[in-house]
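The values are calculated or read from the model by the stated rules, or taken from the named source; none is laboratory data. These numbers were taken from a predicted model, which means no experiment stands behind them. Methodologically, a virtual Cβ is constructed for each residue, glycine included, from the backbone with ideal geometry; neighbour enumeration extends over all protein chains shown.
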Amino acid sequence: MPGQPPYGQAQYGQPGQPQYGYGQPQYPGSWPQPYGYGYPGGGSGNNGLAIASLATGIGGFCIGFASPVALGLGIAALVQIKKRQDNGKGMAIAGVVLGGLGTLGWLAYLVLIVVLGVTSDDDYSASEPSSSYSATYIDELAVGECFDDSDEEDEVVRQPCTEPHDGEVIAGVTLPDGPYPGDNEVDEAGEKACATEFGEYVGSTVKDTELEWDYWTPTKQLWNSNDRLVVCAAYGPDFDQLTGSVKGTRR
């Protein structure tokens, strides 16, 4: 008909609307997306440092060095969370608290160990004998001095008579001059002299005393060197230690 387009050239659609070509549909997947849709953004998960801070804060109660690590991780996590708007602020705070408490606890423990160590050293020093005397020969002690026996037969260790001690020097007797009379004769002379001196010093005879007594005699070498000194000493009953002087005690 006049004024109509030829068959096959019909135009579809409404006047004034855009026409789309066949075979070019617009799928929903190709439509413009809102900004950020489908992409990870702020608040998408817990902050990793916060998780690590909490874990190390708990472990710090068993492992000392973990506590300050937890404290540092917690502070770093709080900084990141503020910038990135991540989740996990509560865990970060808990890590800081646990790390701080753990650090203080371990520091207090170390201080306690040091204090106990110093106290132990002081106690050990206080328990040592007050006497700092070294071993000396018995004939170097004066009458009235007290002593402890040593491993050497003719050596002793000076001790204050006010403290526990093994023996006390009660006399020093010089035997008469002359040629060395022999071991037995020197021993008999020393025993007789010390028995007499014991009675005068203690106030009790060697037969009646509860104390023990002993003496040292010069060797032949000392005798020939003009050393004829016999040293007499008193000991406690059954050689138990004495406390105080035995002079005039009549024990």
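Here are some notes:
- Filtered residues of region 162-181 (kept if in contact (Cβ under 8 Å) with a residue 60 or more places away in the chain and surrounded by 17 or more Cβ atoms within 10 Å (Cβ to Cβ)): H165, D166, G167, E168, V169, I170, A171, G172
- A search for C-beta distances below 8 Å between a residue of region 62-84 that is over 10 Å from T103 (Cβ atoms) and any residue that is part of a loop (DSSP other than H, G, I, E, B), counting only pairs 6+ apart in sequence or on different chains, returns A77/N47; A77/G88; Q80/N47; Q80/D86; I81/N47; I81/G88; R84/G42; R84/N47.
- For Y133, the test of being within 30 Å of V173 (Cβ to Cβ), among the aromatic types (F, W, Y) and modelled with pLDDT of 80 or more is failed.
- Residue among A233, A189 that alone is aliphatic (A, V, I, L, M), closer than 19 Å to A135 by Cα and in contact (Cβ under 8 Å) with a residue 40 or more places away in the chain: A233
- If you check V206, V231 for being surrounded by 15 or more Cβ atoms within 10 Å (Cβ to Cβ), at pLDDT below 90 and assigned by TED's automatic domain parsing to the domain that holds V156, only one passes: V206.
- Those residues of region 62-93 which are closer than 15 Å to I51 by Cβ, more than 33 Å from the chain's Cα centre (by Cα) and in a helix (DSSP H, G or I), in sequence order: I75, A76, A77, L78, Q80, I81, R84, K89, G90, M91, A92, I93
- Just one of the listed residues (V157, V206, V230) is β-branched (V, I, T) and in contact with a Leu (Cβ under 9 Å, 6 or more places away or on another chain), namely V230.
- Pick from region 81-99, criterion at pLDDT 75 or above and aliphatic (A, V, I, L, M), ranking: surrounded by the most Cβ atoms within 10 Å (Cβ to Cβ): L98
- When N184, N226 are checked against the criterion of being over 50 Å from the mean Cα position of the chain (by Cα), loosely packed, with under 14 Cβ neighbours inside 10 Å and on the phi > 0 side of the Ramachandran plot, N226 stands alone in meeting it.
- Residue check for V143: in contact with a strand residue (DSSP E or B) (Cβ under 8 Å, 6 or more places away or on another chain) and not in a strand (DSSP E or B): yes
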